[in-house]
Amino acid sequence: MKDLTKGNEAKLILLFSLPMLAGNVFQQLYNMVDSVIVGQFVGKQALAAVGQSFPVIFISIALVMGFGMAGNILIAQYFGAGRRDKVRAAIDTTMFVMNWFALGVTVLGILLAPAILRLMGTPADVIAPATLYLRIIFAGSIVSFGYNALSAILRGLGDSRTPLYALIISTVVNIILDSVFVIVFKWGVAGVGIATVIAQAVAYVWTIRYLNKRNPEYRVHFRSLKFDREIFRETFRIGLPSGAQQTLIAAGLATLTAVVNQFGTNPAAAYSAVGKLDSFVVMPAMNIGMAVSTFTGQNLGAGKGERVNRGLVAALAMAMAITLTLSGSLLAFGSALVSLFTPDAEVIRIGAEYFHIVAFGYIFQTIMFVVSSV
């Protein structure tokens, strides 16, 4: 567990965010591998199917992301203030609510997947594989939500390394299973979906075993989780604006996907490919934002508000430097990167054109992520 209330602000935020940055590189890698394998070994319809699923999944977890961030903030504040009883209650409440959210998303997602895809104008030759992929991913919501809740808890306690280790293990499992299920067994998008759920389950189990073994004071007992109404109300108050923001972003992505779908399978496949690469630019700013959120929570809990201002300036500088470097790389090597996903020349051309249009916009996303996290 890491105390972020003492020491150089920039160094603390950088060192705390590095494991999360590395973790999300691995997370994006295994998401990207899904698309690379189906695009190269199944076809552009399968590539488009995986891409169609992203905004739907994003919408389903948007409010939950806000709740997870709020849980992280409260745990960090209680930890910084030395209120161990409140930390325990916040952990229980976070896990309790996440489990019920996951159950609701699983049921609704499986039932509504075809209708949502039709509403988005998904091309006719893509609806069937996209529906299958979505239903498999929704069936694994309990492990996906559970891992994200545990990651938020550990970050609140000052531990950003354990989620990284879990993601490294999960990524290796996903890549191996993708190769076996799709290339060897020829399961298509179903193989990719099953591999993803199994990999997420591995990360979930590994993380919870680590938390329970290394931090017995805060072990998670699923049969005796205690719901604290006061903490839930505070979590809801903090998390609703962030969750609403994420929901609006997700709705925007779904709307853009619906617009792209009107132009057929080639643009839909290209949009799927660039979405994976897009995440590599966006995620560092999000991770630095999560780091500065924990930093801010602990320092507010300790009554050290002046450190928060210096932390914000340092976080913005770091995030902007990374964003400018990565967006420049996409501009320079866009065509080569899109070709990793598909050999189709038209899909590659459309994907490269996308980066020339959106590159400048990454700057504003970076500022938004960091400032809103504080």
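The values are calculated or read from the model by the stated rules, or taken from the named source; none is laboratory data. Note that this is a predicted model, so its numbers are computed, not measured. Glycine also receives a Cβ, built like all others from the backbone with ideal geometry; neighbour counts cover every protein chain displayed. Just so you know, the surface numbers come from the protein's heavy atoms only, side chains and all, with ligands and any DNA or RNA stripped out. Shrake-Rupley method; radii C 1.70, N 1.55, O 1.52, S 1.80 Å.
Overview of values
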{"item": "Among the residues listed as Leu15, Leu21, the single one being within 19 Å of Ile153 (Cα to Cα), without any contact (Cβ under 8 Å) to a residue 60 or more places away in the chain and part of a helix (DSSP H, G or I)", "result": "Leu15"}
{"item": "Members of region 114-126 found to be surrounded by 18 or more Cβ atoms within 10 Å (Cβ to Cβ) and not in a loop (DSSP other than H, G, I, E, B), listed by number", "result": "Ile116, Leu117, Val126"}
{"item": "Contacts under 6 angstrom Cβ, first residue in region 151-178 being outside any helix (DSSP H, G or I), partner basic (Lys, Arg) and open to solvent by 30 Å² or more (accessible area, probe 1.4 Å), 6 or more apart", "result": "Gly158/Lys2"}
{"item": "Condition check for Ser17: within 17 Å of the chain's Cα centre (by Cα) and farther than 26 Å from Val308 by Cβ", "result": "no"}
{"item": "Criterion: under 20 Å from Ile288 (Cβ atoms), surrounded by 24 or more Cβ atoms within 10 Å (Cβ to Cβ) and not charged (D, E, K, R) - qualifying residue of Ala10, Ala76, Ala90, Ala49", "result": "Ala76"}
{"item": "Checklist (1) closer than 23 Å to Ala49 by Cβ; (2) open to solvent by 30 Å² or more (accessible area, probe 1.4 Å) applied to Phe138, failing item", "result": "(2)"}
{"item": "Members of region 79-100 that are aromatic (Phe, Trp, Tyr) and within 19 Å of His221 (Cβ to Cβ)", "result": "Phe96, Trp100"}
{"item": "The lone exception for Pro267 - which of (1) touching a residue at least 12 places away in the same chain (Cβ under 8 Å); (2) closer than 20 Å to Val25 by Cα it fails", "result": "(2)"}
{"item": "Top-ranked residue of region 31-45 - restricted to ones that are out of contact with any Asp or Glu (no Cβ under 8 Å at 6 or more places or on another chain) and open to solvent by less than 20 Å² (accessible area, probe 1.4 Å), ranked as farthest from Thr196 (Cα to Cα)", "result": "Gly43"}
{"item": "Pair list, Cβ under 9 Å, 6 or more apart: region 60-80 residue at negative phi, other residue outside any helix (DSSP H, G or I) and among the charged types (D, E, K, R)", "result": "Gln77/Arg83; Phe79/Asp3; Gly80/Asp3; Gly80/Lys304"}
{"item": "Single match in Ser272, Ser279 (criterion: modelled with pLDDT under 90, closer than 24 Å to Ser372 by Cα and touching a helix residue (DSSP H, G or I) at 6+ places or on another chain (Cβ under 7 Å))", "result": "Ser279"}
{"item": "Conditions (1) touching a Gly at 6+ places or on another chain (Cβ under 9 Å); (2) under 13 Å from Ile142 (Cβ atoms); number of the one not met by Pro123", "result": "(2)"}
{"item": "Residue identified as at pLDDT below 95 and aliphatic (A, V, I, L, M) among Ala139, Ala166, Ala201", "result": "Ala166"}
{"item": "All positions within region 278-306 that are farther than 14 Å from Leu21 by Cβ and open to solvent by 10 Å² or more (accessible area, probe 1.4 Å)", "result": "Asp278, Leu300, Gly301, Ala302, Gly303, Lys304, Gly305, Glu306"}
{"item": "Region 223-268, residues that are surrounded by 14 or more Cβ atoms within 10 Å (Cβ to Cβ), farther than 23 Å from Leu119 by Cα and modelled with pLDDT of 90 or more", "result": "Asp228, Ile231, Phe232, Glu234"}
{"item": "Selection status of Ser329, of a type in the set (S, T, N, Q), farther than 23 Å from Arg161 by Cα and modelled with pLDDT of 90 or more", "result": "yes"}
{"item": "One residue from Leu74, Leu63 being within 27 Å of Ile142 (Cβ to Cβ), assigned to a helix (DSSP H, G or I) and modelled with pLDDT under 80", "result": "Leu63"}
{"item": "Pair list, Cβ < 9 Å and 6+ apart or interchain, from region 122-140 residues that are basic (Lys, Arg) to residues that are assigned to a helix (DSSP H, G or I) and surrounded by 24 or more Cβ atoms within 10 Å (Cβ to Cβ)", "result": "Arg135/Gly193"}
{"item": "Residues of region 186-218 classified as in contact with a Ser or Thr (Cβ under 7 Å, 6 or more places away or on another chain), hydrophobic (A, V, I, L, M, F, W, C) and open to solvent by 20 Å² or more (accessible area, probe 1.4 Å), total", "result": "1"}
